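Down below is the structure, laid out as structure tokens.
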Amino acid sequence: QALEVTLSYIPSQAVSVNYSAVGGDATNGDDYTLADGTVTLEPGNQKATFDLTLINDVEVEDDETILIALSNPSVGVLGANDTLTFTINDEDNARNIQFTNTTGTGSESTASVSIPIEINLVDTANDTKVYYSVTTGTAIGSGVDYT
């Protein structure tokens, strides 16, 4: 991702400015890579870019932000927009958890029955909890037909 730095004037000499990630909830090395650096605007050029590398993962997560600040211009002073809030939009699909089948059966003589569920994405870094409840059909709970 190319990030652009713009001067308010056309420089007659080279102008350099430092940049660095100074905050946000995204993690350098996990969500993006950006080393502290310097961008130089050559004479006659009002704009220059530096690269922010985004890391694509399979983790379903909220959008995350990076705060990138400019500092120490070689000429002039920083303007009001000296910090950029960059948002990384999560593109990973939400996990879908569902029953493997829409119906199931079991014999009364069977002590227990497994009811399979499936998940479309596995997050190996975190546990996935599935909460369930039993709603009334024609069977009677509390140990009569099932527990």
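Hey, could you check the stretch 104-138 for residues that are surrounded by 10 or more Cβ atoms within 10 Å (Cβ to Cβ) and not β-branched (Val, Ile, Thr) and say which is nearest to the chain's Cα centre (by Cα)?
123
What pairs come up if the first residue lies in the stretch 18-31 and is over 24 Å from residue 48 (Cβ atoms), the second is modelled with pLDDT under 95 and β-branched (Val, Ile, Thr), and their beta carbons are under 9 Å apart, counting only those six or more places apart or on different chains?
29/55; 30/55; 31/55; 31/88
Need the failing condition index for residue 61 against (1) more than 30 Å from residue 131 (Cα to Cα); (2) touching a residue at least 24 places away in the same chain (Cβ under 8 Å), just the number.
The one condition residue 61 does not meet is (1).
Please pick out the residue among 90, 57, 63, 51 that is under 30 Å from residue 15 (Cβ atoms) and not small (Gly, Ala, Ser).
Just a single option satisfies the conditions, and that option is 51.
Using the structure shown, decide if residue 55 is surrounded by 13 or more Cβ atoms within 10 Å (Cβ to Cβ), without any contact (Cβ under 8 Å) to a residue 60 or more places away in the chain and aliphatic (A, V, I, L, M).
Yes.
Out of the residues in the stretch 29-42 meeting the condition of being assigned to a strand (DSSP E or B) and more than 12 Å from the chain's Cα centre (by Cα), tell me which one is surrounded by the fewest Cβ atoms within 10 Å (Cβ to Cβ).
Within the stretch 29-42, the match that is surrounded by the fewest Cβ atoms within 10 Å (Cβ to Cβ) is 37.
The values are calculated or read from the model by the stated rules, or taken from the named source; none is laboratory data. In this text, all values refer to a predicted model and were calculated from it rather than measured experimentally. Positions of Cβ are backbone-derived with ideal geometry, glycine not excepted, and every protein chain shown enters the neighbour counts.
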